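The values are calculated or read from the model by the stated rules, or taken from the named source; none is laboratory data. Just so it is clear, the model here is predicted, and its values are computed rather than measured. Cβ: placed from backbone, ideal geometry, glycine included. Neighbour counts: every protein chain shown. Only protein heavy atoms, including side chains, enter the accessible area calculation; ligands, DNA and RNA are left aside. Shrake-Rupley method; radii C 1.70, N 1.55, O 1.52, S 1.80 Å.
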Amino acid sequence: MVFETQALLTANRRGGSENVEQAIAEIKDNYRGPDRLGGVTAIHHIPAREAEFVLMPEDLEPRVAQVLESRGISQLYSHQSEAFRLARAGRNLVVVTPTASGKTLCYNLPILDALVRNPDARALYLFPTKALSQDQLTELNRFADELGDDIRTFTYDGDTPQDARKSIRARGNLVITNPDMLHTGILPHHTKWERLFENLKYVVIDELHYYRGVLGSHLGNVLRRLKRIARFYGSEPQFICASATIANPADLAAHILEEDVTLVDRNGAPSSDKYVVFYNPPVVNPQLGIRRSYLNESRRMARAFLGRGLETIVFANSRLATEILVTYLKEDFSRAPGGPDQVRGYRGGYLPLERREIERDLREGRLLGVVATNALELGIDIGSLDVAVLAGYPGTIASTWQRAGRAGRRQGTSAAVLVASSAPLDQFIVQHPEYFFGRSPEHGFVNPDNLEILLNHLKCAAFELPIEEGERFGTLDLETLCRHLTEIGFLHHTGGAWHWVSESYPADAVSLRSVSSDNFVIVDNTGEPRVLAEVDFPSALTTVHEKAIYIQNGEQYHVERLDYDDRKAYVHRVDSDYYTDAISYTKITVLETFETRSTVDSRQLTVDSQQPRDDHQKRTSKTSGEFRVSNFEFRSPQTTSDDREPATDNQQPTVNHGEVHVNTQVVGFKKIKFHTHENVGAGNLTLPEQEMHTTAWWLTLPHEMLAAMPYSSTDRQDGVRALGNALQAMAILLVMCDGRDLGVAVGENSREKLAVDSRQSTVDSRQAQRTTDNGPATFFEPNIYLYDKYPGGIGLSAPLYRMSEQLLDNARNLIENCGCEAGCPSCVGPVGEIGEKGKEVSLAILAAMP
């Protein structure tokens, strides 16, 4: 294997269009399909297109036009010209064109024009990551060098030296930051930013499509606070957004900004030839439906391209998968010219200087390949790449196109190869390529009025400026919220306003990106102690627990100790032939049912699957009986779940959605051998339990229906768990969310005596939850929960409730159309996890539903 790679690489050190086309032809010949046994299921050719040019605007400031002319830009693409015209007219706008189409100039041009005309004006750029901020700073500094002192651009983030911050606040007229720094470091200290807010003319939000779900809901509240402070200083900024292609960019922008927005989506940029290949690893065990490892197949694909000298980026869906692929590819190139250092890993957790080094080496052609998480999915300039290999479906159509677009950003033929995993969603996409290529990308949804999110930002807003009576902040009753904050000691009402009186700093307690704002620091004790990396709170519990193997850049570290209180993990270098995978346990308790109906009624319901998620959540927040945030309760005069009359006969299956309490705990881990992926051991863990209130959809299966089935209680429970797996996969497809946003768990209706490991990872945990085969030891009436994995919920349960019929039908089709005999990872889960009759019983349950 190593010698084949070395020979290919020596013969083909330089990539190019011819090599890409030869590689695609070889894949087409050698990886046959399509069928569900495996192979290439689609090769989609996107032909090159010509540019649509427009003359440079006559009202463009002459000095800016001269700088562009010196760079060989004498015309604009049509979408760049349209964006400039709208921005000059004072309109809020969102630009939506493909990757590498020149979106950056759509906002840089009107802002540079404005700042050259009036150097006292101010602009604020928001990027989702520090890497994007640094990338944009490099580009803007080139403009500043040629335009002189009129353009004073700086980044302001957590890495900005303290002695530089005062100068930036005083002199900078183009400040580049991220939502997190705006939230914690700028808005709470607005008195130090008086010049910025007095003269704030433009706010740029790049990568708008990134702000969906929780992060987008937080951003909506951060912008409410920004506009509130701007009004206090007498300014009213104009917003320019840029986004990759999604189905509802103008609607998403309008929900986040709470402003009218104009859409610019007619792309005038040229593009080169691109091939998009879908590949399904072949089945190696038809009885169990087991396919070749998608990681091994991604390795083979990447090696085929890298061996031809084609600069390649491999995307993995997790940090663990990233490090496994880096390890494999470094092995492949260990004896090739240039050695294993030609391939690097890139993901969150690497230190900033290391990430900047990798980006620079990619741009300058010193690296042949990189394996990355979605950290490189966004528009960081990493130069000209030939091929993108996607190890697993990213979860959304929009994200897939974004990753595919990282190849072919300049000129020449490029390729993108999607290697499907055994996950049901991957299998659905790769076996139905017409669904992917014939469907518009997903909608982006946000819910800024999520009660927990809004309440936290209301604290921040009160810290920044007193909240006046009659003021609006979202759509909820602001006076009621302020009275609650007064009762628990955060606010004091006097002089017609609520004032912040607590000694706490509220912004520090609110994370925009995760449930907790805490990060764990990883300390390497191999030699002299040094900080190796950082990991966010939720990831820490599953990746750096004691006895875990933590992998970074292909090197293994054994976790000696996890200091939970001080948020530190202590590791040392090892040479391990296995990696670890955590096992978690989830229990759900229903707090309140918003709506319920039988599956008979579900089939009579007309569903509008495109209705925004947050519309329904806003409605239920006004009509449901109770919402709980910590110890705070809102009660309305409506009927509560305690005295509500049952909507359906208790012998019929019912679909429901409402508020739930989720307890999650990491209880153990598995040891998985590299290359063979064998389970070579396991261990128990006792980590603190995590709790949250959120929203959920659930299916209740009546005891009478299950008892009438000719199966043992063990088989029934296996079937319920199998059905839950299929429902989760199809729910992710229907609501078009990230797979990490939606959890699945099984619990007993009312009693909650059956709580199932959310990963269904070990036989031991499954057997511990079973009753005897002689019959149920307790009254078994299960609920299958699909729950939002964020406190307060992000609005997924309401659309799932509306689409219950389609959800159940899709799950039935997924299971029936899978060629395995008794269950596999592509439908209900492997037999070892759902039992020998899990698939059969899940179909029997679906067949028994009216």
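What the table below lists for this structure:
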quantity	calculated
Rounded percent of accessible protein surface that carbon and sulfur make up, the chain, 1.4 Å probe	46
Label of the coordinate-derived value, mean projected area of the Cα convex hull in nm², listed as [x] 73.1; [y] 35.5; [z] 42.7	[y]
Average accessible area per residue (Å²) across the stretch 15-146 - probe 1.4 Å, nucleic acids and ligands excluded	46
Å² of accessible area per residue within the stretch 229-348, as computed with a 1.4 Å probe and no ligands counted	33
Solvent-accessible area of TYR156 with every protein chain in place, 1.4 Å probe, in Å² to the nearest 10	10
Helix-derived mean residue ellipticity, 222 nm - over the chain, DSSP H n ≥ 4, -39500 (n - 2.57), to 500	-10500 deg cm²/dmol
Ranked by how many other beta carbons lie within 10 Å on average, peptides 351-362, 242-253 from highest	242-253, 351-362
Cysteines without a disulfide-compatible neighbour (Cβ-Cβ under 4.7 Å), the chain	CYS106, CYS241, CYS460, CYS482, CYS737
Exposure of GLU560 as accessible area (Å², to 10), given a probe of 1.4 Å and all protein chains	90
Set LYS587/LYS839; LYS166/LYS227; LYS130/LYS671; LYS130/LYS587; LYS28/LYS103; LYS28/LYS671 screened for pairs whose C-alpha atoms are more than 27 Å apart	LYS130/LYS671; LYS130/LYS587; LYS28/LYS103; LYS28/LYS671
Phi-based couplings in Hz for the stretch 203-216 (Karplus 6.51, -1.76, 1.60; Gly and Pro marked x)	10, 9, 10, 8, 6, 4, 4, 5, 8, 10, x, 5, 4, x
Under the Karplus curve 6.51 cos²θ - 1.76 cosθ + 1.60, θ = phi - 60°, whole-Hz ³J(HN,Hα) for the stretch 73-83, x wherever Gly or Pro sits	9, 10, 9, 10, 5, 4, 6, 5, 5, 5, 5
Global form of the stretch 163-265, assessed from the alpha-carbon gyration tensor, a/c cut-off 1.5	prolate
